[in-house]
């Protein structure tokens with residue numbers, strides 16, 4: 001038990017110091033200012049090239065979504081996620097050790113054995129496929145859908161809607177990603193920063209008020225004109241469509257794609273979305289009351 005307490009304490013102090021250094025000492029690999037720069041650039045594109053021209057620059061829930069963006073990207077790690085992740089990883093390693101194996105024994109290959117950019121691309125593809133499947137689970141499993149409703153309660157979308165989600169979602173994503181990514185280990189945090197930046201850009205654009213689909217690349221990259229159908233209130237089945245995170249490729253392969261026409265004026269949300277409260281704290285508690 002003392003070992004667990006020490007892991008939790010070190011996680012809090014370690015991430016607090018990391019976040020402090022992120023704010024005080026900017027650098028090219030700085031997530032804090034990287035997120036701000038990406039957000040400002042995509043917001044500027046919304047202002048210059050608005051798709052829904054009657055949508056205000058400071059749209060409905062703009063400030064709520066902006067708070068979600070910083071809360072889920074930084075504060076959640078400090079409050080819960082890093083400590084929980086470190087503790088879970090420690091307990092998993094102990095469980096595996098009790099069976100006489102380690103994560104190293106489960107490793108299929110080292111990404112460092114590949115040329116650098118090939119390793120990054122492989123990491124990105126594997127992680128995105130796992131997240132695509134996790135996203136489908138959020139829609140198909142009733143208990144998980146209750147948490148995902150927070151993201152789908154947005155009635156107007158903009159770049160910051162990307163980060164509007166309940167804290168249970170990253171817990172689920174990280175839990176499911178942990179072992180598969182450990183099995184193809186080898187890259188450190190500085191290596192994959194390009195992947196994370198790219199994912200943030202695509203995620204922001206997918207939710208932005210921009211009518212882009214990237215032409216022929218729409219069959220590879222998720223895009224705003226495709227993702228708006230994922231948020232549309234009236235869809236052809238009860239589980240949803242277009243589950244792509246960064247890549248649309250999986251939806252086209254597994255026939256979950258749906259872009260019947262221009263969806264600019266689609267009503268967004270889901271059946272009974274009026275039941276979701278409008279303030280942050282109430283939204284965090286809402287799934288726990290169902």
- Query: If you go through the stretch 232-243 one residue at a time, do you hit one that is surrounded by 16 or more Cβ atoms within 10 Å (Cβ to Cβ), farther than 19 Å from residue 164 by Cβ and within 21 Å of the chain's Cα centre (by Cα)?
  - Reply: yes
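Do any helices (runs of 4 or more DSSP H) lying entirely in the stretch 26-107 carry at least 3 residues that are over 22 Å from residue 203 (Cβ atoms) and in contact (Cβ under 8 Å) with a residue 40 or more places away in the chain, and which ones are they?
Numbers: elements: 31-48, 62-70, 82-98, 103-106.
The qualifying helices (runs of 4 or more DSSP H) are 82-98.
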- Query: Is there any pair with a first residue in the stretch 245-272 that is more than 19 Å from residue 153 (Cβ to Cβ) and a second that is at pLDDT below 95 and exposed (fewer than 13 other Cβ atoms within 10 Å of the Cβ) whose Cβ atoms are under 8 Å apart and which are 6 or more apart or on different chains, and what are they?
  - Reply: 258/236
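Sort out which residues of the stretch 13-32 are over 13 Å from residue 79 (Cα atoms), modelled with pLDDT of 80 or more and touching a helix residue (DSSP H, G or I) at 6+ places or on another chain (Cβ under 8 Å), and write them in order of number.
As a first pass, look at the stretch 13-32 and keep what is over 13 Å from residue 79 (Cα atoms): 17-18, 20-32.
After this cut, where a residue has to be modelled with pLDDT of 80 or more as well, the list is 17-18, 20-26, 30-32.
Listed by number, the residues that qualify are 22, 23, 26, 30, 31, 32.
Taking the stated definitions as given, is residue 258 surrounded by fewer than 20 Cβ atoms within 10 Å (Cβ to Cβ), touching a helix residue (DSSP H, G or I) at 6+ places or on another chain (Cβ under 6 Å) and in a helix (DSSP H, G or I)? Before the answer, list the steps.
On the way: surrounded by fewer than 20 Cβ atoms within 10 Å (Cβ to Cβ): yes; touching a helix residue (DSSP H, G or I) at 6+ places or on another chain (Cβ under 6 Å): yes; in a helix (DSSP H, G or I): no.
Here the answer is no, as residue 258 does not meet what is asked.
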- Search result, residues across the stretch 246-255 that are surrounded by fewer than 20 Cβ atoms within 10 Å (Cβ to Cβ) and closer than 19 Å to residue 122 by Cα: 249, 253
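Go through the residues of the stretch 108-116 one by one and say whether even a single one is touching a residue at least 40 places away in the same chain (Cβ under 8 Å), surrounded by 14 or more Cβ atoms within 10 Å (Cβ to Cβ), within 26 Å of residue 203 (Cα to Cα) and over 17 Å from the mean Cα position of the chain (by Cα). It would help to see each step written out before you state the result.
Filtering the stretch 108-116 for residues touching a residue at least 40 places away in the same chain (Cβ under 8 Å) gives 108-113, 116.
Of the ones still in play, those that are also surrounded by 14 or more Cβ atoms within 10 Å (Cβ to Cβ) are 111.
If we keep only those that are within 26 Å of residue 203 (Cα to Cα) too, we end up with 111.
From what's left, over 17 Å from the mean Cα position of the chain (by Cα): 111.
Taking every residue of the stretch 108-116 in turn, at least one turns out to be touching a residue at least 40 places away in the same chain (Cβ under 8 Å), surrounded by 14 or more Cβ atoms within 10 Å (Cβ to Cβ), within 26 Å of residue 203 (Cα to Cα) and over 17 Å from the mean Cα position of the chain (by Cα).
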- Working only within the stretch 198-228, note down all residues that are touching a residue at least 24 places away in the same chain (Cβ under 8 Å), over 20 Å from the mean Cα position of the chain (by Cα) and farther than 20 Å from residue 41 by Cα. 219
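Here is a check on your reading of the model: is residue 143 surrounded by fewer than 17 Cβ atoms within 10 Å (Cβ to Cβ) and assigned to a helix (DSSP H, G or I)? I'd like the intermediate steps shown before the answer.
Numbers: surrounded by fewer than 17 Cβ atoms within 10 Å (Cβ to Cβ): yes; assigned to a helix (DSSP H, G or I): yes.
Yes: the conditions hold for residue 143.
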- Taking the stretch 1-25 and keeping residues exposed (fewer than 13 other Cβ atoms within 10 Å of the Cβ) and free of Cβ contacts under 8 Å to residues at least 60 places away in the same chain leaves 1, 2, 5, 6, 9, 13, 17, 20, 23, 24, 25
- Query: What are the residue pairs meeting all of these: first residue in the stretch 143-167, first residue free of Cβ contacts under 8 Å to residues at least 12 places away in the same chain, second residue surrounded by fewer than 22 Cβ atoms within 10 Å (Cβ to Cβ), Cβ atoms under 7 Å, and 6 or more apart or on different chains?
  - Reply: 145/139
- Taking the condition surrounded by fewer than 18 Cβ atoms within 10 Å (Cβ to Cβ) and assigned to a helix (DSSP H, G or I), does residue 288 pass? yes
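The values are calculated or read from the model by the stated rules, or taken from the named source; none is laboratory data. Quick caveat, the model's predicted, so the values are computed rather than measured. Every residue, glycine among them, receives a Cβ derived from its backbone with ideal geometry; neighbour counts consider all protein chains shown.
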